[in-house]
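Let me begin by presenting the structure, written as structure tokens, before commenting on it.
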Amino acid sequence: MKVQSSRFGTLTVDGDKIMSFPKGIPGFEDSRRFFLLDHPGSAKVKWLHSADDPGLALVVASPFELFASYEPEVPDGVAEALGAEGPEDMLVLTVLSVHAGNPPKVTANLLAPIVVCSATMRGMQVVMEAGKYGVRHEMELVPEKCEAGAKSSVG
């Protein structure tokens, strides 16, 4: 399928790479379909791009690659709602934020990861129990300039 992107132009995305978010993502409830794009120059960073809104793309990464001690407890009801049979069926992503400064500061939202079942391609943002993780865990990752030629990891 063809998807328009205000950042990357026209993209071709395999339909089986589209993730469905039945309730949307908090703050973006009208966007229900997303796909992943590689971020140029970084194997760890991706874009979670909306297939419904050409201007909506969140910078994401696997929290396990960035924070060795991260151990989210995904509620059983979430795994069940997504159709996951176990942790091995779930892709967990953290939303990254870039804050102005020199150098810029990058933080990760570890309190509310995005969880996607790889078998059903259904996902949701899950708020973990407060206290253990926060929404602005500082990282040493330096964001790289995003270019319009981003490569799709969706086929």
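Laboratory data are not the source of any read-out in this text; all were calculated from the coordinates shown. What you are looking at is a predicted structure, and each value in this text was computed from that prediction instead of being measured. Quick reminder, even Gly has a Cβ in these numbers, built from the backbone with ideal geometry, and neighbours come from all protein chains shown.
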Sort the following peptides by mean Cβ neighbour count (other Cβ atoms within 10 Å, averaged over residues), highest first: 34-43, 94-103. 34-43, 94-103
Whether the chain is rounded, prolate or oblate, judged on the alpha carbon gyration tensor where a/c under 1.5 counts as rounded: oblate
